[in-house]
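Here's the structure, in structure tokens; my notes come after.
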Amino acid sequence: IAADESDIPALQAYAATLTGAPAPVAAAPAAAAATKVAAAPKTSAAASTGDRIVASPLAKKKADEIGLDLSTVVGTGPDGRITAADVEAAASGAAPKAAAAAPAKPAWTPAAGVVAATPMARAAAKKARIDIATIEGTGEFGRVTVDDVKIATGEKKVERKKAAKAGAEVVELPEGIVPFTGMQRAVSKNMEATLSTPVFRVSREVEMDNFNALYQRVKPKGITVSALLAKAVALAIEKYPIINSSYTPEGTVFNPDINIAMAVAIDGGLITPTLKYANERNIVELGENWKELVQKAKEGRLTPDEYNSGTFTISNLGMFGVSQFDAILPSGMGGILAIGGTQEQIVPCDKAVLGMKKVSKMTVTLTCDHRQIYGADAALFLKEFSAVMASPEQLLL
């Protein structure tokens, strides 16, 4: 019998010599501690509340028995609680079992022939005389809600998500009714008043090289393109006054004055300041008058006589890059001239080296009241207007 634990290996070796068996190999000092299993550390910490480890009593007991540190164990129980199975898995080196999947959301299917809908939705559908079975429900379990009924009747719009481009701000578009201003209401009524007027339109291309050269000469004096155009139209009307007329059931009314109204877009509407007696006044005076009228229009200071006395109208969209358009004939007038932008074109030329040359042309479209103005009248007027633009020196007289 060994008196001390350290004598046991020596006694075992002595006993082996007596029986003839080989002496046992002495175990390494570290083998003595092999009875205690050291668990490998886990990548995630154990569930805890503050400094307290949450584990079942049985898990704690098993961990104490095998010498396992519970802080290295991953819990798979409710709220990460460590169970006995977690301790056994950690001791054997196996990965912990995945947590139980959350219970599926309860589903409900109505009986055959029954439409799932809220009481308010049924009442709304009955009031609107809509078969509720034709409405797609968006409520819980596919139930038809009162909002679904409102969408079906058009009382409510479908809310949709607005997709925004990466890095771009969402553009809020206007929605709903914006009441007309007094000016907008007047414009809309004037447009409606012309719907019963039988009109026709005639277009023509006008060469602009000479006119553009003249404008560059007079521009430093403050003369605008609008004033030059008004003067050119007035001179053409002198030759063909029928274009300056208006219709009455009794006959054609010829206006003794040539007052050129020119459409101007301003905040909140459209207005037509008028250059009175445009054929009689010099171009410098017309230019100064036009600047004054435009300023008054922007400030809302035009008198009725300054925008209601026109006998012929010009609408110019050329500065916006518009090549050609048709204008609506204003009520009480015989004609309106729509002016597009100037564009360069290649045309045949006998005097050019290659037989071609580049010219600037502008397309104009005349809209006329067909009750007193005929196609030939419009064509002759446009021909005269084109001649004035080709020889613009007469605008300075």
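The values are calculated or read from the model by the stated rules, or taken from the named source; none is laboratory data. Just so you know, these numbers come straight off a predicted model, no measurement behind them. Cβ placement follows ideal geometry from the backbone for every residue including glycine, while neighbour counts extend to all protein chains displayed. These area figures cover heavy atoms from the full protein model, side chains too; ligands, DNA and RNA do not enter into them. Shrake-Rupley method; radii C 1.70, N 1.55, O 1.52, S 1.80 Å.
Under 19 Å of direct C-alpha separation, and excluding same-chain neighbours fewer than eight residues apart, LYS126 reaches these aspartates and glutamates: GLU136, ASP147, ASP148, GLU155. Surface composition of the range 123-254: carbon plus sulfur atoms contribute 53% of the solvent-accessible area (1.4 Å probe, protein chains only, all chains present). Of the GluC sites (Glu not before Pro) found in the range 251-288, those in coil by DSSP whose Cβ has at most 13 other Cβ atoms within 10 Å are GLU280.
Highest average first, the peptides 233-246, 339-352 ordered by how many other beta carbon atoms sit within 10 Å of their residues are 233-246, 339-352. Counting charges near GLU306 (Lys, Arg +1; Asp, Glu -1) among other residues having Cβ under 12 Å from its Cβ returns a value of +1. Once a ≥ b ≥ c are taken as the square roots of the eigenvalues of the Cα gyration tensor of the range 116-161, is the result rounded (a/c under 1.5), prolate (a/b larger than b/c) or oblate (a/b not larger than b/c)? Judged from the Cα gyration tensor, the range 116-161 comes out oblate (a/c at least 1.5, b/c at or above a/b).
Couplings for the range 201-211, taken from phi via the Karplus curve 6.51 cos²θ - 1.76 cosθ + 1.60 with θ = phi - 60°, read 10, 9, 10, 7, 8, 10, 6, 10, 4, 5, 5 Hz in order; Gly and Pro are left as x. Electrostatic bookkeeping for LEU228 treats Lys and Arg as +1 and Asp and Glu as -1; over the other residues with beta carbon under 14 Å from its beta carbon, the sum is +3. Under the classification rounded if a/c is under 1.5, otherwise prolate if a/b is larger than b/c and oblate if not, where does the range 230-340 fall, given a ≥ b ≥ c as square roots of the Cα gyration tensor eigenvalues? In terms of gyration-tensor shape, rounded.
Packing around the peptides 264-271, 170-177, 221-228, taken as the average count of other Cβ atoms within 10 Å per residue, puts them in this order, highest first: 221-228, 264-271, 170-177.
The overall shape of the range 168-209, judged from the alpha-carbon gyration tensor, is oblate: a/c is not under 1.5, and a/b is no greater than b/c. Report, in listed order, any pair from LYS239/LYS298; LYS219/LYS357; LYS221/LYS361; LYS231/LYS298 with a Cα-Cα distance greater than 30 Å. Violating the 30 Å Cα-Cα cut-off are LYS239/LYS298. Taking 19 Å as the straight-line reach from the Cα of LYS62, the aspartates and glutamates in range (excluding those fewer than 8 positions away in the same chain) are ASP86, GLU88. Take every pair of alpha-carbon atoms less than 8 Å apart whose residues are at least six positions apart; their mean separation over the length of the range 143-263 yields a relative contact order of 9 percent. Here the 3J(HN,Hα) profile of the range 319-328, calculated from phi with Karplus coefficients 6.51, -1.76 and 1.60 at θ = phi - 60°, is 5, 9, x, 6, 7, 6, 7, 10, 9, 7 Hz, Gly and Pro shown as x. For the range 160-270, the C-alpha radius of gyration sits at 1.67 times the compact-globule guess of 2.2 N^0.38 Å, with N the residue count. Note that the range 212-226 has calculated 3J(HN,Hα) couplings of 4, 5, 5, 4, 5, 6, 9, 4, x, 7, x, 7, 9, 4, 4 Hz, one per residue in order, obtained from phi through the Karplus relation 6.51 cos²θ - 1.76 cosθ + 1.60 (θ = phi - 60°); glycine and proline are x.
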